[in-house]
Amino acid sequence: MKSDAIKRGVERAPHRSLLYALGCSPAEIDKPFIGIINSFSEIVPGHIHLRGIAEAVKAGVRSNGGVPFEVNAIAVCDGIAMNHSGMKYSLPSRELIADSVETVAEAHAFDALVLIPNCDKIIPGMLMAAARLNIPAIFISGGPMLKGCLPTGDGFAEVDLSSVFEAVGKVASGQMTESELAELERSACPGYGSCSGMFTANTMNCLTEALGMGLPGNGTIPAVDARRKQLAEEAGQQIMELLAGNICPRDIINKDSIHNAFTVDMALGGSTNSILHFTAVAHEAGVDFPLSMINEISEATPQLCKLRPGGDYHIEDLDRAGGIAAVMKELEGLLKLKAKTVSRKTVAEIIAQGRVRDREVIRSMANAYSPSGGTAILSGNLAPEGAVVKRAAVAPEMMVHQGPAIIFDSEEEATQAIMRGGIKAGQVIVIRYEGPKGGPGMREMLTPTSLLSGMGMDKEVALITDGRFSGATRGAAIGHVSPEAASRGPIAALADGDIIKIDIPGCKLEVELSDKEISARLAKLAEFVPKVKTGYLRRYAEMVSSASSGAVFR
């Protein structure tokens, strides 16, 4: 056992003395040591209940002969961090989480890991660490929040956090009063769990299940459901089976399982952030998975679900309809069925039990919402290394669009212009210098996109950025433009009035400028000066790679 490094032999007497100080008995020292990496936090609604999940996991570990040791990882709530300097730390926290999990697991010689994430960056950070460490590991998320219910004149309206962001735009445009907004904000998030739509957290938890690193139900069982703690105890038991069989993450995370995850992603219409994160996970696992393969998967995969923000359903509805196993059953002909999972069953064996219970929430291949997947990679002279759009959340009339650029060099500038009515129908809003290096931290642009949606302009204007978008974003929002402005990508050469051409079905993003003109404009630019001079963000900006390669450290 790996933990023998801290407990076997005469020279390990000091180590055993410290283990006894923790309350370990001599009998326990002979058993496997299992690290329970818990991202519990009292500032993150998706994580405030994770102590209970960890207790259930530990009970499962003990029942199968292991000794659990709970340690904690940091967590950032993207919703609370949104639209201020705090969002600069959200994506960079992913690397901190991966590094800290590696550090504590190696320093204490854990034999195996149970990882307990729930929200946006914690899931990929822990997946990256699991692939890097390559010791037996299993994931158990905290589960999704229930949707909110807002009383109306004739009943109730289903609401969620994205409803509140969009309502800010309605207040700004006079369509809603501040008192109505106050009532909505008290109703949208009824309790703990990851925000209730197919936003980034739930996308990543569902895809962790599709990847094979979480047990069936990991992505969709609601946080408040008793089945969630039952699944957590099962995960604790199962890690001992994985350890006994020496089944490690890289036995599961490979080209086939990543293909399966992206196939499910396209069928669900998941967050564009999945591209960024799974590219990073593939990097850690040593898997070559270029962006071009994602478009191939998207073209071959029909969209079977329309969940918030691209539709009316929430994750609890997906769970009721059969969950990820049911979605994968519908996609059976597109999946790599021999792929392994932490259940020690193949994908084929798991989805044999899948059943669709609601054909509106999970449609058949023959009756899909769309013949192609929910996400597309765009490229062209404006994004030579690619850009990402959640086409499942784009209005039909904006799938192909051409218009003059209106340029902003920060999210704050764009937000102020939108709030004061400075955007005209037909324009293409460009927010640049918000990429991994330029931001730094590649902030999410949920506030400007939600304002536009709330004002009813999401069907009139497009927005492109070298930053990111929340999974809650809807509209013609194109992010991850690479290379970014801070790296002298073509987006840095744009000027007000340049004509930008968007063709989502054709996977094109272009500006009506010649290569010669773009190069001439870039040559005149002053050298990029980092916005942050001290601390972690300065180091992050120096080390981070392009969004097209997952924004991993070089």
Inset, instruction - Answer yes or no as to whether Arg227 is part of a helix (DSSP H, G or I) and closer than 20 Å to Asp317 by Cβ. - result: yes
Inset, instruction - Within segment 508-535, track down each residue that is assigned to a loop (DSSP other than H, G, I, E, B) and touching a residue at least 24 places away in the same chain (Cβ under 8 Å). - result: Leu513, Leu525, Phe528, Pro530, Lys531, Val532
Inset, instruction - Of all residues in segment 381-400, count the ones that are under 13 Å from Ala547 (Cα atoms) and either under 16 Å from the mean Cα position of the chain (by Cα) or without any contact (Cβ under 8 Å) to a residue 12 or more places away in the chain (or both). - result: 1
Legend entry - Hits in segment 182-220 - residues which are in contact with a Cys (Cβ under 6 Å, 6 or more places away or on another chain) and either under 15 Å from Leu161 (Cβ atoms) or basic (Lys, Arg) (or both): Ser194, Ala201
Legend entry - Residues that are within 23 Å of Gly193 (Cα to Cα), open to solvent by less than 10 Å² (accessible area, probe 1.4 Å) and of a type in the set (A, V, I, L, M, F, W, C), drawn from segment 108-128: Leu113, Val114, Leu115, Ile116, Ile122, Ile123, Met126, Leu127, Met128
Inset, instruction - Assess whether Ala395 counts as being of a type in the set (A, V, I, L, M, F, W, C) and modelled with pLDDT under 95. - result: yes
Legend entry - From the options Val168, Val159, Val164, Val224, residue that is closer than 23 Å to Gly374 by Cα, among the aliphatic types (A, V, I, L, M) and in contact (Cβ under 8 Å) with a residue 12 or more places away in the chain: Val159
Inset, instruction - For Ser364, state whether it is modelled with pLDDT of 95 or more, over 24 Å from Gly550 (Cα atoms) and of a type in the set (Ser, Thr, Tyr). - result: yes
Legend entry - segment 235-256: number of residues that are assigned to a helix (DSSP H, G or I), buried (at least 20 other Cβ atoms within 10 Å of the Cβ) and not small (Gly, Ala, Ser): 7
Legend entry - helices (runs of 4 or more DSSP H) (entirely within segment 305-378) containing at least 2 residues that are open to solvent by less than 40 Å² (accessible area, probe 1.4 Å) and of a type in the set (Gly, Ala, Ser): 323-330
Legend entry - Residue that is nearest to Val101 (Cα to Cα) [pool: residues in segment 1-29 that are open to solvent by less than 50 Å² (accessible area, probe 1.4 Å) and polar (S, T, N, Q)]: Ser3
Inset, instruction - Output the residues belonging to segment 325-377 that are over 24 Å from Ile140 (Cβ atoms) and among the charged types (D, E, K, R). - result: Glu330, Glu332, Lys338, Asp358, Arg359, Glu360, Arg363
Inset, instruction - Hey, can you tell me all the residues within segment 507-539 that are in contact with a strand residue (DSSP E or B) (Cβ under 8 Å, 6 or more places away or on another chain) and either open to solvent by 30 Å² or more (accessible area, probe 1.4 Å) or among the hydroxyl-bearing types (Ser, Thr, Tyr) (or both)? - result: Lys508, Glu510, Glu512
Legend entry - Exclusive hit being more than 30 Å from Pro222 (Cβ to Cβ) and buried (at least 18 other Cβ atoms within 10 Å of the Cβ), set Pro68, Pro32: Pro32
Inset, instruction - Quick one: which residue in Ala485, Ala462, Ala551, Ala492 is at positive phi and open to solvent by less than 10 Å² (accessible area, probe 1.4 Å)? - result: Ala551
Inset, instruction - Looking at (1) assigned to a helix (DSSP H, G or I); (2) in contact with a helix residue (DSSP H, G or I) (Cβ under 8 Å, 6 or more places away or on another chain); (3) under 21 Å from Leu446 (Cβ atoms), find the lone condition where Ser196 falls short. - result: (1)
Inset, instruction - Specify which of the listed residues (Gly142, Gly174) is small (Gly, Ala, Ser), assigned to a loop (DSSP other than H, G, I, E, B), over 18 Å from Phe69 (Cα atoms) and open to solvent by less than 20 Å² (accessible area, probe 1.4 Å). - result: Gly142
Legend entry - Residue check for Thr415: of a type in the set (Ser, Thr, Tyr), over 23 Å from the mean Cα position of the chain (by Cα) and open to solvent by 10 Å² or more (accessible area, probe 1.4 Å): yes
Legend entry - Odd one out for Leu211, checked against (1) at pLDDT 95 or above; (2) open to solvent by less than 10 Å² (accessible area, probe 1.4 Å); (3) touching a Gly at 6+ places or on another chain (Cβ under 8 Å): (3)
Legend entry - Breaking point among (1) within 20 Å of Met82 (Cα to Cα); (2) touching a helix residue (DSSP H, G or I) at 6+ places or on another chain (Cβ under 8 Å); (3) among the hydrophobic types (A, V, I, L, M, F, W, C), for Ala182: (2)
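The values are calculated or read from the model by the stated rules, or taken from the named source; none is laboratory data. The structure displayed is predicted, hence computed values, not measured ones. Cβ atoms come from the backbone with ideal geometry, glycine included; neighbour counts cover every protein chain shown. Just so you know, the surface numbers come from the protein's heavy atoms only, side chains and all, with ligands and any DNA or RNA stripped out. Shrake-Rupley method; radii C 1.70, N 1.55, O 1.52, S 1.80 Å.
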